[in-house]
1. With the condition kept exactly as written, say whether any residue in segment 150-164 is outside any helix (DSSP H, G or I) and more than 27 Å from Gly196 (Cβ to Cβ).
2. Do any residues in segment 44-56 that are within 11 Å of Tyr115 (Cα to Cα) have Cβ atoms under 9 Å from those of residues that are of a type in the set (Asp, Glu), where the two are at least six apart or on different chains, and which pairs are they?
3. Restricting attention to segment 451-469, report how many residues are surrounded by fewer than 21 Cβ atoms within 10 Å (Cβ to Cβ), free of Cβ contacts under 8 Å to residues at least 40 places away in the same chain and of a type in the set (A, V, I, L, M, F, W, C).
4. Suppose the filter is surrounded by fewer than 20 Cβ atoms within 10 Å (Cβ to Cβ), in the same structural domain as Ile548 (by TED's automatic domain parsing) and at positive phi; does Gly344 pass it?
5. Quick one: Ala185 ticks every box in (1) hydrophobic (A, V, I, L, M, F, W, C); (2) surrounded by fewer than 20 Cβ atoms within 10 Å (Cβ to Cβ); (3) modelled with pLDDT of 85 or more except a single one, so which number is it?
6. Which number in (1) buried (at least 16 other Cβ atoms within 10 Å of the Cβ); (2) modelled with pLDDT under 90 marks the one condition that Ala74 misses?
Amino acid sequence: MTVTALGVGLIAWQAASLAVSSSSVLPPPARVLHALVDMSRSGELAQDVAASLRRILTGFLLALFVGAALGVVAARYIKTYTRVAIVLELLSSIPPIAWTPLAILWFGIGDAPAYFIVFLGAFFPLFTSVYAGITQTEKKLVDAARTLGASRGKIVFGIILPSALPSILTGMKTAVGVGWFNVIAAELIGVRFGLGYKIQLSRTLLFSENVIALMLVIGVIGWVMVHLVGFFGNLLAPWRIEDETRAKWIARRRWVSGAVTRALSEPATQTLGASEASSKWQREHIGSPDLPHNEDGKPVLTVSSVCKSYPIQEGQSVGTLEILKNIDFFVKRGEVFTIVGPNGSGKTTLIRLLAGLETPDSGIISCQEQSVAGPDRNRTVIFQDFALFPWRTAAGNIDFALSGSAAVNGDRQAHVAKLLDEAGLARFGESYPAELSGGMKQRLALVRALAVKPTLILMDEPFASLDPLVRQSSQEAILSLLAAKPVTVVLVTHDLDEAIFMSNRVLVLSPRPGRIKKVVPIDLPAKRNADTRKSPEFNRIRNELWDILRIPMWDDEMRVSEI
């Protein structure tokens with residue numbers, strides 16, 4: 001298709017050249033080609049191309065350094081930046097080439113004005129992309145890293161910068177295109193070598209064939225530069241690609257990194273689909289899963305008189321929205337404790353408070369008799385959509401949790417492989433989250449949380465994004481993984497069947513502000529399977545929970561509205 005388009009273009013060009021009155025106005029392709037060959041043989045073309053590339057490279061690198069540095073500072077001090085953003089917006093609306101007279105006045109004749117013009121053209125796309133990439137980093141990814149014990153430096157270099165990379169690469173691609181345009185324009189004035197200078201000289205001498213030949217060279221070089229940046233961008237961040245080519249770029253990245261060697265040693269990996277492998281693992285590992293063993297019944301988590309509200313704008317004044325009110329409960333060591341309630345009742349807020357990601361307005365939260373003052377490896381979180389790091393493979397996600405952890409002794413790589421095997425993901429260690437099914441992502445999130453050997457795992461609706469069939473099998477898979485671990489679980493869900501099947505006890509919250517209506521014990525056998533969901537006792541508990549949720553709640557001051 002591309003060759004055909006070029007052929008049609010050449011034919012049209014030849015026809016247009018014959019139609020004009022003078023060949024000097026639009027010389028035919030053969031004449032332009034001859035001029036291009038002459039310039040190449042004389043060495044002039046190489047000299048001019050080298051000069052132009054040197055100028056754009058210098059200006060681009062300077063813009064990259066300054067733009068990245070200022071983008072980071074602006075993202076760090078957002079409030080200050082918003083006050084001065086209008087200045088940058090006004091400057092960015094001025095075409096860089098309009099600065100040429102001032103550039104010559106400031107820097108004189110030579111390369112410096114060209115560097116400055118290229119810098120101006122490339123700076124704004126780079127600055128904007130760095131700022132946007134950092135500020136748009138998903139908070140859940142940072143929160144996940146914090147609950148895995150990541151230091152501030154590890155969050156910056158392991159989470160924020162990789163997350164911002166796709167935006168930065170997009171900015172670089174734009175900056176290269178804009179910079180190339182500006183360097184040619186800047187070379188029309190004030191320099192002695194370069195493609196822009198040679199075009200100006202050829203125009204003065206009426207060598208139209210040279211002008212067109214140089215224009216073609218400029219177009220080809222610009223196209224190559226933009227596509228090279230795009231190529232390396234896709235190679236560095238294949239997870240950002242949202243079309244059918246993503247698999248191709250991920251494969252190329254593996255090849256470049258040498259992972260193809262490992263893939264060739266296990267050819268079955270290439271023939272077994274993600275969903276098929278997930279189902280196979282579940283058939284082999286899931287029979288009738290047990291609930292985690294309650295070791296001694298001692299409380300591992302205690303919540304006392306916790307209240308939480310958020311400020312809201314009410315007209316011209318700032319009010320408060322009460323989310324949780326007087327929350328008191330405890331969670332026994334080794335149990336699965338589930339929280340249910342209507343939308344807006346504060347379930348997710350409560351999980352974030354337990355994780356230390358937020359602070360209560362009043363009340364005390366303690367884990368193992370230690371006050372919860374912030375995120376800690378001892379309390380890991382599985383978020384609703386798993387919060388896996390998309391730029392890391394399955395093995396890389398687990399390795400992130402293990403780095404700097406005292407939970408693993410000896411060979412960390414071997415420990416990662418062991419955890420992957422426990423989750424049925426041994427064949428998918430080099431797969432990115434985008435290549436995994438929903439159930440596999442969920443198991444990966446769980447083993448990543450288990451990797452640091454926490455006392456408490458907090459799950460915020462971890463099954464919500466799965467379809468009903470996968471959800472049920474995933475619930476059994478999670479129980480199977482948890483059964484052999486000395487871990488306590490607090491689960492948030494809106495699905496009553498899930499709450500009953502997974503839990504030892506269920507806490508029911510009222511509508512906002514969330515208050516405890518009742519804590520219901522789940523008197524079902526520890527060993528649970530599909531038949532458990534059909535039992536009369538299961539239905540009795542479901543009806544009891546529904547009744548509790550439907551009953552309006554009264555206190556001495558106000559009525560909480562019915563669902």
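The values are calculated or read from the model by the stated rules, or taken from the named source; none is laboratory data. Owing to the predicted nature of the structure, the values given are computational and were not obtained by experimental measurement. When we count neighbours, we look across all protein chains shown, and the Cβ atoms used for this are built from the backbone with ideal geometry, even at glycine.
1. yes
2. If the second residue must be of a type in the set (Asp, Glu), the pairs left are Ser52/Glu187; Arg54/Asp111; Arg55/Asp111; Arg55/Glu187.
3. Final tally of qualifying residues: 2.
4. On the way: surrounded by fewer than 20 Cβ atoms within 10 Å (Cβ to Cβ): yes; in the same structural domain as Ile548 (by TED's automatic domain parsing): yes; at positive phi: yes.
Answer is yes for this residue.
5. It is condition (3) that Ala185 fails.
6. Failing condition for Ala74: (2).
A quick yes/no check of all residues on (1) in contact with a Pro (Cβ under 6 Å, 6 or more places away or on another chain); (2) part of a helix (DSSP H, G or I):
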residue: Leu466; (1), (2): no, no
residue: Leu469; (1), (2): no, yes
residue: Gln472; (1), (2): no, yes
residue: Gln475; (1), (2): no, yes
residue: Pro486; (1), (2): no, no
residue: Val489; (1), (2): no, no
residue: Val508; (1), (2): no, no
residue: Pro511; (1), (2): yes, no
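Residues are listed down the side, and each one gets a yes or a no for (1) closer than 30 Å to Phe124 by Cα; (2) modelled with pLDDT of 85 or more; (3) buried (at least 17 other Cβ atoms within 10 Å of the Cβ):
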residue: Gly190; (1), (2), (3): yes, no, yes
residue: Tyr197; (1), (2), (3): yes, no, yes
residue: Thr204; (1), (2), (3): no, no, no
residue: Asn210; (1), (2), (3): no, no, yes
residue: Ile221; (1), (2), (3): yes, yes, yes
residue: Phe231; (1), (2), (3): yes, yes, no
residue: Arg240; (1), (2), (3): yes, no, yes
residue: Glu244; (1), (2), (3): no, no, no
residue: Trp255; (1), (2), (3): no, no, no
